[in-house]
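Structure first, then comments.
Any read-out appearing in this document is the output of simple, stated calculations on the displayed coordinates, not a laboratory observation. Remember, it's a predicted structure, so these values are computed and weren't measured experimentally. Cβ placement follows ideal geometry from the backbone for every residue including glycine, while neighbour counts extend to all protein chains displayed.
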Amino acid sequence: MNQGFLYFRYVFFVCGLFFLSFNSYASNQIKTITTSDDSEIDVRIFSAKGEKLLIGFACDQGKSIAEEKTAQVLANDGIEVWMPDMLTAYMLPKVRSSLSDIPIEDLTKIIEEAKKTKKQIYLVASGADTELVLRAVAEWEKLHVGSDNLLGGAILMFPRLNKSKPEPGKPPEYQDAVGKTKLPLMVLEGERTPNRWGLGHLVNSLKKGGSTVYAKLIPNVRGYFFKRKDPNTPEDLVTSQMSGLIKASLFFLGKAHK
Amino acid sequence: MKNQIIMYLKNSVLMCLILIASTSLQAAELKKAEADLVTPALKLEDIKGEILDLKDLQGKVVLVQFWATYCTPCRVEMPSMNNLIKKLEVSKTPFKIIAVNMGETKEEIQKFIDEVKPEFTVLMDSKGENVQAWNVFAAPSNFVIDTKGKIRYTLYGGVEWDSESITKAIQDLALEDSSENKS
C-alpha cells in the first residue's frame, strides 16, 4: 500500500517535471488575427512590459525550438515577441515557393495589430523568410507615408534573397522586395557560408531604398546555424546566445531610427 | 476559410509534383558563358606556397572551381574530378583543374585535402579577393576556360564531372584549338 502510494507520488512528480519543462518555453498566449478574407493567423505572444516589440516570422510552428527559447529570454528582458505562424494559416507546405502565396495585406495586418500596443516595433526573419519582412515593410511604408511610424527596423538573419540560382561570373539578382524600404536594417550572416561573399553586394542593393543598413559576420558559424541537426561548438554557443545577438542588433537599429 | 481550402488543395498538388520530381536526380549541366564574360586574372599560392598564374596555362583547357571545406557538394564531387583528370589523360587532352578555396585557413584546407585527396592544384584565396573579382557568390562555382584563356562554360552546384557529356565538352574545346592550328 505504502509502496503503491510512493510509486504514484513518483509518477506524479515525473509528470509534473515533464509538463514544467514542456511549458518552459511556451508562449504566454496565442492571439488569433482574422484577415479580410477570413483567414486566421495564430500569433504566439511572449509578453513583456518593455517598450520594444519584436515580430518574428518563424514559419515552422512546432519546430522553432531555438526561436522560442530566444523569444522567452527576450521577453524576460522586457522585449515582447510575437511569432505569427504564416504557413499554417494558409495550409502551405514549408517550401520556398510558399512564401509568394502569403498575401501582403495579411502581413501588414499583423503589424497593424502590433501597433495597438504602442510599442516600438521591430521585425526579424531568417533565410528566405526575410523576403516576407521586406515585402511587408515596403507595403507598410506605402500605406503610411508621412505618418508617425512605430516601425523601428528589421533584422535579416542570413538572408537568402536571390531571385534565381546563382550564376558564376554574374552578380546576383535579388527579389523585387530588395531595395524598396527606408527602414533601418541589420543583416547577420554566417562566416562559413559562400553567401558571405555576396554580403557587400546585398547591402548596397538594400540601401537603394534609402535604408541605413548594418551588416555583421558571425564568426565560425554556417548559415541557418540554429536550425542545423549537426551544430558544431561555435554554432551551439551562438544559438544559446541568440537573444544577445538580437538585443545588440536592436540597439544599432534604434540608433539609426533616431 | 474557403480561400484556405482552395490554397490547401493547390499546395497538395504542388507537393505531389515536388515529390515526383525529387525521385529523379536532376544533374547540373555546363552552361555556355556569355560572349562578353571576361576572364579575370588569377594568381595565387597553393598549399605548398608555390605560385600559380592562370595565364601560364594557355594551351590547356582549365577548370577553375571556387570551393569551401564546409560545402557538401564540393566534397562529394571531388572524386569525380579526379576521375575526369584520369579520363582526359587517356585521351591526351591538355587539361588542368585549379580549385580555389574561398577564404579559409591553411589548416582547414590541409585537413580537407588529407580526407578527400584531390589530385589537382588547390589554391588559397585567404582574403577572398579572387572570389570577388570572379563574381562568385556561391559554392561550388565553376568556370571552364578554353585553350586561349576565354571562359566558355560556367556551372553552379555539384555534378559528376566524369560524365560523358562533360568529358566530351572539354575534349571538344581542346580539339577546337588543335584544328585551328592545323588550318
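Observations
- Each 10 Å bin, from zero up to the one with the longest distance, holds this percent of the alpha carbon pairs of region A:29-257: 8, 35, 40, 16, 1, 0.
- Near residue A:189: Cβ cut-off under 11 Å, other residues only, Lys/Arg at +1 and Asp/Glu at -1. The net charge is +4.
- Taking 7 Å steps out from each Cα toward its Cβ at residue A:191 and residue A:38 produces label points 5.4 nm apart.
- Rounded FRET efficiency, nearest 0.05, which uses the C-beta distance separating residue B:92 from residue A:217 and R0 of 35 Å: 0.15
- Legend: distances between Cα atoms for B:87/B:150; B:43/B:150; A:170/B:32; A:52/A:109; B:111/B:168; pairs beyond 21 Å are B:87/B:150; B:111/B:168.
- For residue B:102, net neighbour charge (Lys/Arg +1, Asp/Glu -1) across residues whose Cβ lies under 12 Å away: -2
- For residues of A:193-205, the mean tally of beta carbons on other chains within 10 Å: 4
- Placing a pseudo-label 7 Å from each Cα along the Cα-to-Cβ vector at residue A:116 and residue B:80 gives an inter-label distance of 5.5 nm.
- Angstrom value of the Kirkwood radius, inverse mean 1/r, which spans all Cα pairs in region B:28-182: 15.6
- Taking a straight Cα-Cα cut-off under 16 Å and skipping sequence neighbours fewer than 8 places away in the same chain, the aspartates and glutamates within cross-link reach of residue B:117 are B:46, B:77, B:107, B:108.
- Distance between the pseudo-spin-label points of residue B:168 and residue A:229 (7 Å out from Cα toward the beta carbon): 3.8 nm.
- Beta bridges per DSSP with both ends in region B:28-182, % antiparallel, nearest 5: 60
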